[in-house]
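Remarks on the structure that follows.
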Amino acid sequence: METLIYKALDYGLALGASYVEVRWQRDAGTAAGLRNGQLEFSTTYFSEGIAVRAVAGGGMGFASTTNISLEEVLNAVEQAVRLAKAAGKLRKSPVTLSEEHMANFSYTVPAIDLEPVDLLKVLDESVDKMVNVRRLVANVWTTEKRVVTSDGADVFSKIPRIYIYAMLIRHEPSLGSLQRDLFFGGTSRDSVEGAEKVVEEESKKLSLLLEKAKPISPGRYDVVFAPEMTGILVHESIGHPFELDRIYGREGAEAGESYIRPGNLRIRIGSEYVNITDYPAVPGTYGFYLVDDEGVVARPKQLVRNGVATEFITNRQYAAVIGVHSNGGARASLYSREPIPRMSNTYLEPGDWKPDEIIKDTRRGVYVVSYTEWNINDTRYSGRYGILEGYLIENGELKHPIRGFIEVETPELWGNVDAVGRDFKLYVGTCGKGNPSQGVPVTMGGPTFRSRNLKVVP
Amino acid sequence: MIFKILTGLVDEAAVVKTKAEHYMARFANDEITVFKHWSEEATYLYLAKGKRAAFVGMTGPPTLDKIEEAAKRLVMVPEDPLYVPLGGPQPANYSEPAEGFEKIPDLVKAAIDAAEGVERSAGVVHMTYIVVEYRDTAGRSGSYSANRVYLAMRSFIGDLSATSTSAGRKLADIKAEEVGKRNAQILHAAKGLPQVKIEPRRADVLLSPLVFGHLIGELASSWASGSEILAGSSRYTKDDLGKEVASPILTVLDITSDKAAYGFTPFDLEGVPTRPIEIYRKGIFAGVLHTRRTAHALGMEPTGHALRNWAMPSPGHIYIAPADGPADAEELFRELKNGYYIHNNWYTRFQNVKTGQFSTVGRDVLLEIKDGKPVAFVKFVRIADTLENVVKNIAVLSKEISQVYWWDMPTPVHAPYAVLKNIGITT
């Protein structure tokens, strides 16, 4: 493999490319699904290929193949260079990459020895019997990558992952219907320990919420967000719009752009209490990696410091656009996908409040624990989050459960933050972006926090 | 060779070999950001021993150790409650040659150049050539090859944007200049209008084919799927077949078998020929998409919709029949009279798939229409309602339909413009 990869690099340079990157990637695993306690599917999969990126003639080209013979890999190199040159003809400025200290490194994370069907049976038995629809899926797999670049990177990684998804619906025509989606996962066996307890508790809550939750009166409330909410808010309204390729329009026709505009990057987006970080190298997390898919060592990306945008998630191409170094944010989900700027583990940094003190300190508000549907416009400015588990707060005390939606613009959400808890929890997700679409494993979270005077509607 | 390896290890097997060649040019700010080619050769196996069944996917040539390992795993899985022996009609054979990719940059340039007066455009041309071979131990076999291509482009003027798409089965189907011209036309019509914000309310809406097609595609995936009906996560049950559940002007079919459709697929992963399935016939719930396993469990006929995997059926290409509404945008505004025009949408999320409570974010040009004329553009609009209301509250469908597809659409569609009455909208 080593000889083949280096021959491919040399061949690309000989064809006139100024940069060549060769990535071998293999993803192999097993997955299963249960539908209302019965097996829905069981599958094993094995995906392996070589990806080549080349900068030539001012453009960027990409080619990949599943046939790992020397002949086919060299064909892929030719394709990547040829496509780069064709792309270069329709560019106003040539593609350049930032200069970096490239990584030479190899690392392996211990395998996860778990059987999806066995896991799901345990989880299914934990679901409250009142739940009418149970769809459970588990996936256990290992990703191996070798990334070699013409400017010196040579990195091997082997990372196992586990992912569990549970969709639970409690449907009672006389009361209504509630759906809870739960996600578990990580890069270690420990990461799903206790999942059955969460499934049991969350499924029991559905009946309670269906019976007790009252629609909220529309208005402005001080909203206390629990860590699950913190996660989705951070991911959608800070993580995505801080991807530098989005800011510069590369995702304009698909995942969208950003409220941050080229030429005005370092804007104030929150109060002084808001510090938000993306950090891949958190051990055991679902978003874990040590070196990105361009061969740059991962480090914490300090996206927001004291409310101000200070850093952006980037790869080498967009780092060069603004004259900085890459912060190791380039990820590719499969051998057939190009590395682009992506989140990893994105979180609000903890503050110094005890979570219950934030509630006690709130006179009229809403405490939101978990969400149902959510979405945000494509510049990541206007968000809407359905409340699944939420409670009215009156004079510092939790009252009855409520249902409704928080409709909020991003500067208002983060600008009105006045209390950040000292607790901390990360939640698992699959982040979508790119064309063709690339779902990459991430986490999102942080502490409990409060944002004042937000619009809540029934 | 594979069947020989499996002799004694399994009772039944099906082998699906695929080879796909993808070419994609992505562009933004009027320049190509990356030009890609990815070549994927894969083998998918269905293995059964007794009533235990497993699915296997592998890229590259299948190797002895991978096949044996997959077969041995069969003893570890529970029996498949939906097991049915392999069988059914022979898969159809269909063949066409691959198209060259060299003209893709010309399409990009033609679309960009035709969007006169816009500030910038971003988009994609994606061309795929796929070859599929099916063979099983029941003696069934078949093969097909097909091209498909789409262009989607979003153009910008200030805060305004417009997206248009063109989809088809060959490069000649792609009307790149029309895409650019349409974007320019929409943006120039909206430019200069005052901006307004809305409060949550119910209103009449005019949905473009992109939006209406997107919502019906979501519905077909979640409510008209045999696996969702079995799970109880569909709004409908088998007993709802034949009942009036939607507007009487709504007729929806899955036309994956149609050679002109972007999603054309002659047979599915089970080797079952796809056939047109009426999901709604004049407002009546008329049909369900099936794999062989879901069809058997519900006592129905397979439809050839094991398109993405063996376990769960999915639509391949949705056709929403036109009605007698106007085709022209200005006439459609007059038909709407008062309400909102939503040109595109994205980020559709369900609060509850069974009840169909969802919201989706309006994208691109969103216009407030008063007395049949655009009077303002709305910065942020969401549709927040139920799929049931979407299909029941259809008042007008245009007499012309378009074949559209882009990154955030669940399924490629032929769709008309639609006027929906009394729909929940919010910011």
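The values are calculated or read from the model by the stated rules, or taken from the named source; none is laboratory data. Please read these numbers as outputs of a predicted model, since none were measured by experiment. No Cβ is skipped: glycine too gets one built from the backbone with ideal geometry, and neighbour counts run over all protein chains shown. To get the accessible areas, we keep the full protein, side chains included, count just its heavy atoms, and leave off ligands, DNA and RNA. Shrake-Rupley method; radii C 1.70, N 1.55, O 1.52, S 1.80 Å.
Tabulated data
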item	result
B:Lys354 accessible area, 1.4 Å probe, all protein chains in place, Å² to nearest 10	40
Protein-protein interface of the range B:30-48, residues with accessible area decrease of at least 50 Å², isolated chain reference, 1.4 Å probe	B:Glu31, B:Ile32, B:Thr33, B:Val34, B:Phe35, B:Lys36, B:His37, B:Trp38, B:Ser39
Reach of B:Lys17 by Cα under 18 Å, taken over lysines that are not fewer than 8 positions away in the same chain	B:Lys4, B:Lys66
Sum of side-chain charges, A:Ile5 neighbourhood, beta-carbon under 14 Å (Lys, Arg +1; Asp, Glu -1)	-1
Dipole magnitude of chain A about its Cα centre (Cβ charges: Lys, Arg +1; Asp, Glu -1), debye to nearest 20	1000
Area buried, chain B against chain A - accessible surface, total, 1.4 angstrom probe, square angstrom	6700
Given B:Lys19/B:Lys51; A:Lys214/A:Lys399; A:Lys158/B:Lys72; B:Lys191/B:Lys370; A:Lys121/B:Lys72; A:Lys212/A:Lys399, the pairs whose alpha carbons are separated by over 19 Å	B:Lys19/B:Lys51; A:Lys158/B:Lys72; A:Lys121/B:Lys72
Helix A:2-14 axis, angle to chain A major axis (alpha carbon atoms, nearest 10°)	70
Nearest-20 debye value, chain B charge dipole, Cβ charges on Lys, Arg, Asp, Glu	660
Residues in the range A:110-151 occluded by at least 20 Å² - accessible area, probe radius 1.4 Å, against chain by itself	A:Glu115, A:Val117, A:Val133, A:Arg135
14 Å Cα-Cα reach of A:Lys197 towards aspartates and glutamates, excluding residues that sit fewer than 8 places from it in its own chain	A:Asp124, A:Glu125, A:Asp128
Sulfur and carbon atoms: percent of accessible area, the range A:2-212 [1.4 Å]	51
Solvent exposure, largest accessible area first (probe 1.4 Å, DNA, RNA and ligands not counted), of A:Lys360, B:Lys66, B:Lys379	A:Lys360, B:Lys379, B:Lys66
Helical mean residue ellipticity (222 nm; -39500 (n - 2.57) per DSSP H run of 4+; nearest 500) of chain A	-6000 deg cm²/dmol
Global geometry of the protein assembly as shown, whether rounded, prolate or oblate, following the gyration tensor of its Cα atoms and the 1.5 cut on a/c	rounded
Accessible area of the range B:252-400 belonging to carbon and sulfur atoms, whole % at 1.4 Å probe	47
Test item: Cα-centred dipole of the range A:215-457, Lys/Arg +1 and Asp/Glu -1 on Cβ, debye	200
13 Å beta-carbon shell around A:Val140, net charge (K/R +1, D/E -1)	-1
Mean Cβ count within 10 Å, highest first, over the residues of peptides A:74-84, B:17-27	A:74-84, B:17-27
Chain-alone versus full-assembly comparison, the range B:308-323, residues with accessible loss of at least 40 Å² (1.4 Å probe)	B:Met312
Test item: B:340-353 mean partner chain Cβ contacts at 10 Å	5
Pairs from B:Lys181/B:Lys399; A:Lys301/A:Lys433; A:Lys433/B:Lys170; A:Lys7/A:Lys92 whose Cα-Cα separation, in the structure shown, is over 30 Å	A:Lys7/A:Lys92
Accessible area in the full protein assembly, largest first, 1.4 Å probe, for B:Asp80, A:Asp181	A:Asp181, B:Asp80
Proximal charge balance of A:Gly252 [Cβ under 15 Å; K/R count +1, D/E count -1]	-3
Helical segments meeting 18 Å axial Cα length and Kyte-Doolittle -0.5 threshold in chain B (DSSP H)	B:176-190, B:209-222
Å² per residue, accessible surface of the range B:2-187 at 1.4 Å	38
Exercise: per-residue mean of other protein chain Cβ atoms within 10 Å, A:368-381	4
Model label zone, B:Ile2; criterion: amide N under 17 Å from point 7 Å along Cα-to-beta-carbon; scope the range B:18-56	B:18-20, B:40-49, B:53-56
Estimated 222 nm signal from helices in chain B, with DSSP H stretches of n ≥ 4 weighted -39500 (n - 2.57), rounded to 500	-5500 deg cm²/dmol
Accessible surface, per residue, of the range A:215-457 when the full set of protein chains is kept, probe 1.4 Å, Å²	28
